[in-house]
1. Under the condition of being part of a loop (DSSP other than H, G, I, E, B) and buried (at least 17 other Cβ atoms within 10 Å of the Cβ), which residue from the stretch 29-58 is modelled with the highest pLDDT?
2. Applying the selection to the stretch 59-74, what residues are open to solvent by 60 Å² or more (accessible area, probe 1.4 Å) and either under 12 Å from the mean Cα position of the chain (by Cα) or at pLDDT 70 or above (or both)?
3. I'd like the full set of residues that are part of a helix (DSSP H, G or I), open to solvent by 70 Å² or more (accessible area, probe 1.4 Å) and touching a helix residue (DSSP H, G or I) at 6+ places or on another chain (Cβ under 8 Å), limited to the stretch 13-28.
4. Kindly indicate whether any position in the stretch 75-92 is at negative phi and modelled with pLDDT of 80 or more.
Amino acid sequence: MFEKRLRALREEQGFQSQQALANALGVAQSTVANWECGRREPNYETTKRLAELFQVTVDYLMGRGDDPHGGAVSDHALKAALLGGDAGLSEAELDGLWEDVREYARYKVQQYQRKKQ
């Protein structure tokens, strides 16, 4: 699985050749060829570097998951989801609304704490 994902990611990310990826990583072209043919796998540090370079998780790269980003959600998407959608708001408007929600939440927490006392 690793070798297939590595090759696909290399090509998707615009590394037209194994040599181009090798140059980016500071390894020999034959090293990349061995990885893509499944004869060898990189060490952990190099695997982490590959994941960072391709902006995917190590688990995805190694075939232990099918989500390249490990379920990561952008701040914008998270805020929009928690607010019931972004309704076409700009990032600044969404941030302002989010701060209003946070202030209201702090207020409610204080109310609940007072009731407990």
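The values are calculated or read from the model by the stated rules, or taken from the named source; none is laboratory data. If you're wondering where the values come from, they're calculated on a predicted model, not measured in any experiment. Cβ coordinates were reconstructed from backbone atoms using ideal geometry, including for glycine residues, and neighbour counts include every protein chain displayed. Just the protein is used for accessible areas: all its heavy atoms, side chains included, with ligands, DNA and RNA removed. Shrake-Rupley method; radii C 1.70, N 1.55, O 1.52, S 1.80 Å.
1. If we filter the stretch 29-58 for residues that are part of a loop (DSSP other than H, G, I, E, B), which is where we start, we get 38-43, 55-57.
Add one more test, that the residue is buried (at least 17 other Cβ atoms within 10 Å of the Cβ), and what stays is 42, 56-57.
Numbers: Pro42: 89, Val56: 85, Thr57: 82.
Ranking the qualifying residues of the stretch 29-58, first place goes to Pro42.
2. Here is the first cut: in the stretch 59-74, the residues open to solvent by 60 Å² or more (accessible area, probe 1.4 Å) are 59, 64, 66-67, 69, 72-74.
Selection gives Asp59, Arg64, Asp67, His69, Ala72, Val73, Ser74.
3. Looking only at the stretch 13-28, we keep the residues that are part of a helix (DSSP H, G or I), and these are 18-25.
Okay, now just the ones that are also open to solvent by 70 Å² or more (accessible area, probe 1.4 Å), so 19, 23.
Residue satisfying the conditions is Gln19 alone.
4. Taking the stretch 75-92 and keeping what is at negative phi, we get 75-83, 86, 89-92.
Among the residues that remain, those that are also modelled with pLDDT of 80 or more are: 90, 92.
Yes - at least one qualifying residue is present in the stretch 75-92.
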